[in-house]
Amino acid sequence: MSPSGANGTVREGDAVTLTCDTGSCSSTKTQIIWIKNGRSVSLTQTPNNTLRLNPVSYRDSGNYSCAVRGYRETRSQGFTVDVHYAPKSTSVSVSPSGEIVEGSPVTLTCSSNANPPVQRYSWFQSSGAAVWEKGSGQSLNISNFSSGDSGQYYCEAQNKHGAHNSTAVPLTITAPAEWETVLAAVLGSALCVCIVTAVILICVRRRKAGPSAEESNRDTGTPVKEATGAIYSIVGPSDTPQRGQDPSAPAQGWDDLNYTTVFFQSKTTARAEPDDPSVVYSVLKRPTE
């Protein structure tokens with residue numbers, strides 16, 4: 001083999017030539033066949049009983065021998081061609097496959113074709129433009145998968161000739177089951193109905209209760225003193241003659257106006273007397289016939 005390498009080792013992409021030694025036979029008159037791993041190969045041959053591999057591929061690795069055409073049983077001793085190459089065909093498998101339930105364990109396994117074998121596996125998680133390194137080793141174990149673990153996962157396989165990344169695989173938590181979605185919708189609708197019903201009941205009760213005392217007095221124009229519950233009004237002259245009064249007598253004028261305070265007490269509320277010493281208290285009684 002040329003170029004010669006230790007134990008037939010060569011790197012992928014190089015140009016390799018195998019030459020079959022025919023001894024005393026003429027190399028120009030002897031027809032040579034090539035055999036790889038026990039099977040005849042049909043590869044480009046050059047004069048002088050040579051087999052040229054340019055560029056050599058990892059698929060060219062194997063045990064080669066040559067023989068005179070028609071005398072296959074007298075083939076030469078085998079020669080091993082070992083093609084070294086960087087990792088390729090790197091992929092990720094997920095276990096268990098299919099849907100991922102929140103809280104369940106997940107195992108990711110990285111596989112790659114390389115010669116010599118992969119020396120290091122690295123794991124990465126990506127989300128948009130952000131990338132995080134998640135660990136190393138051929139397998140990545142997530143014991144309790146949660147929403148924070150969701151994202152794209154890929155691995156990198158590396159040996160002394162180079163590195164290769166796998167295609168990213170998406171990992172997401174399975175959406176709730178259909179019955180859970182229906183139950184959530186029913187509960188949400190029931191909650192809305194309860195809220196609307198409560199609002200309607202409150203409005204009905206307020207309407208039945210009628211307007212407040214303050215609103216009633218505001219409508220009638222009567223002022224209210226909130227602190228004592230007293231109602232102040234002006235007592236003016238009356239055009240109707242009082243009992244025992246001469247109907248022909250003139251009505252009392254506005255010069256003798258009197259101001260009166262009338263307190264209305266509820267049965268459950270204790271009577272509160274004003275502290276003003278200038279107030280004159282009177283008892284009003286209905287006149288008897």
Go through region 101-122 and report how many residues are open to solvent by less than 70 Å² (accessible area, probe 1.4 Å) and farther than 28 Å from Ala163 by Cβ. 2
Condition met for Asp82 (in a strand (DSSP E or B), over 30 Å from Thr174 (Cβ atoms), under 56 Å from the mean Cα position of the chain (by Cα) and charged (D, E, K, R)): yes
In region 77-100, anything among the aromatic types (Phe, Trp, Tyr) and open to solvent by 30 Å² or more (accessible area, probe 1.4 Å) is listed as Phe79
Out of region 36-50, which residues are within 25 Å of Ser24 (Cα to Cα) and modelled with pLDDT of 90 or more? Lys36
Of all residues in region 128-171, count the ones that are within 18 Å of Val94 (Cβ to Cβ), part of a strand (DSSP E or B), open to solvent by 40 Å² or more (accessible area, probe 1.4 Å) and in contact with a Pro (Cβ under 8 Å, 6 or more places away or on another chain). 2
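The values are calculated or read from the model by the stated rules, or taken from the named source; none is laboratory data. Bear in mind that the values here come from a model prediction, so they are computed numbers and not experimental data. Every residue, glycine as well, gets a Cβ built from its backbone with ideal geometry; the counts of neighbours run over all protein chains shown. Calculation scope for accessible area: heavy atoms of the full protein, side chains included, ligands and nucleic acids excluded. Shrake-Rupley method; radii C 1.70, N 1.55, O 1.52, S 1.80 Å.
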